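The values are calculated or read from the model by the stated rules, or taken from the named source; none is laboratory data. None of the values given here were measured: they were computed from a predicted structure. Here the Cβ is made from the backbone with ideal geometry for all residues, glycine too, and neighbour counts use every protein chain on show. The accessibility values were calculated without ligands, DNA or RNA, using every heavy atom of the protein model including side chains. Shrake-Rupley method; radii C 1.70, N 1.55, O 1.52, S 1.80 Å.
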Amino acid sequence: VAGDDRYNGIWYVQGSAAHFAIGYLDDLSGNDVYTATMNMADGAGHDFSIGYLNERGGNDSYSVPNLSLGGGNANGMGIFHDHAGDDAYSTKAGTTLGRANGTEAGPRKYLGCFGLFVDGGGVDSYLEPYAANGTRWTGPKKDQENPDPFEVGIGIDR
């Protein structure tokens, strides 16, 4: 999609996926507004799924819930990539901005959970204290006392 777009959704929207599925949204250009009100939005993956939001350009605004913006949950893989532009990220904490929320027990614990957030450029604003322009962050791991090596969360703002 190209142009100035408004994406409004509730649950499992805007390049997110759950339960062995793939969700993909590719926006080519424009100053876009993304709004989601419930979990699993904007490039988030849950339960052996891959969610990918690829935003190629423009000054964009994101107002999103938990489990969004490259968040991985319960053996899912979330990927978010905003290539360029001055962007505003309004988040509600939790598993967002490239964080991962792995599975705690059973064989699924060893199968991995991944979150990746990349903002490729521009002057960006964040509500979360760990995210800022020109920084990189990992995790944090859900269990700080006994970190899970199969839970990987990465955030990059260039």
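Per residue and in Å³, how big is the convex hull formed by the alpha-carbon atoms of segment 115-158?
69
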### From phi via Karplus (6.51, -1.76, 1.60), per-residue ³J(HN,Hα) for segment 95-110 in Hz, x at Gly/Pro
8, 8, 6, x, 8, 10, 10, x, 8, 8, 9, x, x, 4, 4, 8
### Residues with amide H under 5 Å from that of residue 31, placed H, sequence gap 5 or more
4, 5, 59
### Distance in nm between pseudo-label sites at residue 8 and residue 146 (7 Å out along the Cβ direction from Cα)
4.6
### Task
Starting from the residue with the highest accessible area, list 108, 158, 56 in decreasing order, probe 1.4 Å.
158, 56, 108
### Top of 88, 74, 100 by mean-square fluctuation, Gaussian network on the chain, Cα under 10 Å
88
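Provide the per residue accessible area, probe 1.4 Å, for the chain, rounded to a whole number of square angstrom.
Ligands and nucleic acids excluded, the result is 45 Å² per residue.
How fast does the chain diffuse by Stokes-Einstein, in µm²/s, taking the Kirkwood radius from C-alpha pairs at 10 °C and 1.306 mPa s? It would help to have the intermediate numbers written out before the result.
Details: Rh = 14.8 Å.
Rounded to a whole number, D works out at 107 µm²/s.
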#### Entry: Order of exposure, largest accessible area first, which applies to 69, 111, 25 with probe 1.4 Å
111, 25, 69
### Message
Counting other C-beta atoms within 10 Å, and keeping those with at most 16, which DSSP coil chymotrypsin sites (Phe, Trp or Tyr not before Pro) do you find in segment 4-65?
### Response
11, 20
### Message
For the chain, give me the percentage of DSSP beta bridges that are antiparallel, rounded to the nearest 5 percent.
### Response
5
### Task
With a 1.4 Å probe and every protein chain left in place, tell me how much accessible area residue 10 has, in Å² to the nearest 10.
100
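Considering only the other residues whose Cβ falls under 10 Å of the Cβ of residue 65, what net charge follows from Lys and Arg at +1 and Asp and Glu at -1?
Its environment carries a net charge of 0.
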### Task
Enumerate the calculated ³J(HN,Hα) couplings along segment 55-64 in order (Karplus 6.51 cos²θ - 1.76 cosθ + 1.60, θ = phi - 60°), each rounded to whole Hz, writing x wherever the residue is Gly or Pro.
9, 8, x, x, 8, 10, 10, 10, 10, 9
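Just to confirm a number: summing +1 for Lys and Arg and -1 for Asp and Glu over residues other than residue 5 whose beta-carbon lies under 9 angstrom from that of residue 5, what do you get? Write down the numbers at each step before the final one.
Values: positive: 6; negative: 4, 27, 32.
Its environment carries a net charge of -2.
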### Query
Using θ = phi - 60° and the Karplus form 6.51 cos²θ - 1.76 cosθ + 1.60, what ³J(HN,Hα) does each residue of segment 71-81 get, whole Hz, x for Gly and Pro?
x, x, 9, 6, 6, x, 10, x, 10, 10, 9
### Cα gyration tensor shape of segment 70-140, rounded if a/c is under 1.5, else prolate or oblate by comparing a/b with b/c
prolate
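Hey, any idea what % of the chain's accessible area is carbon plus sulfur with a 1.4 Å probe?
Numbers: 4230 of 7180 Å².
Carbon with sulfur: 59 percent of the solvent-accessible area.
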